[in-house]
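First comes the structure, then the notes that go with it.
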Amino acid sequence: MLGEEALVPIGQPLRTSSAGALSHGSSNNLEILSHGDEDTLEYRIKASDKTGSKPISLWHDVTLVHVDPATDRPTPYLNFVCEIPKFS
């Protein structure tokens with residue numbers, strides 16, 4: 001199923017298990033890694049799963065609707081990722 005989109009009705013769980021999740025609805029299972037000095041052109045932020053074994057695309061693998069990690073249910077909140085560099 002990798003690379004395929006799946007339509008999920010609102011109110012239904014977005015993931016069947018956290019181990020096989022293709023999308024991430026909260027930061028509960030993400031680890032954010034930074035490289036380079038902040039406030040420089042070399043500064044980068046990358047994400048991976050908590051085990052560090054799988055890189056996560058903040059553009060493609062984060063769902064629009066936030067998922068409550070405790071219940072694995074959608075919330076009325078939206079996830080937002082800004083890729084515009086600071087002061088540009």
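The values are calculated or read from the model by the stated rules, or taken from the named source; none is laboratory data. Since the structure is predicted, the reported quantities are computational estimates derived from the model, not experimental observations. All Cβ positions, even for glycine, are placed from backbone atoms using ideal geometry, and neighbour counts span all protein chains on display. Note: areas computed on protein heavy atoms with side chains; ligands, DNA, RNA excluded. Shrake-Rupley method; radii C 1.70, N 1.55, O 1.52, S 1.80 Å.
Structural remarks
- Residues of the range 26-53 that are within 23 Å of Pro76 (Cα to Cα) and either of a type in the set (Val, Ile, Thr) or part of a strand (DSSP E or B) (or both): Leu30 alone.
- Scan of the range 70-86 for residues that are surrounded by fewer than 12 Cβ atoms within 10 Å (Cβ to Cβ) and within 13 Å of the chain's Cα centre (by Cα), ordered by number: Leu78, Phe80, Val81, Cys82
- In the condition set (1) surrounded by 13 or more Cβ atoms within 10 Å (Cβ to Cβ); (2) in contact with a Ser or Thr (Cβ under 8 Å, 6 or more places away or on another chain); (3) at pLDDT below 85, Ser26 is compliant with all but (2).
- Across the range 54-69, the number of residues qualifying as in a loop (DSSP other than H, G, I, E, B) and open to solvent by 90 Å² or more (accessible area, probe 1.4 Å) comes to 3.
- Cβ separations smaller than 8 Å between residues 6+ apart or across chains give the following pairs from the range 76-88 residues that are of a type outside the set (Val, Ile, Thr) to residues that are outside any loop (DSSP other than H, G, I, E, B): Tyr77/Val65; Tyr77/His66; Leu78/Val65; Leu78/His66; Asn79/Val62; Asn79/Val65; Asn79/His66.
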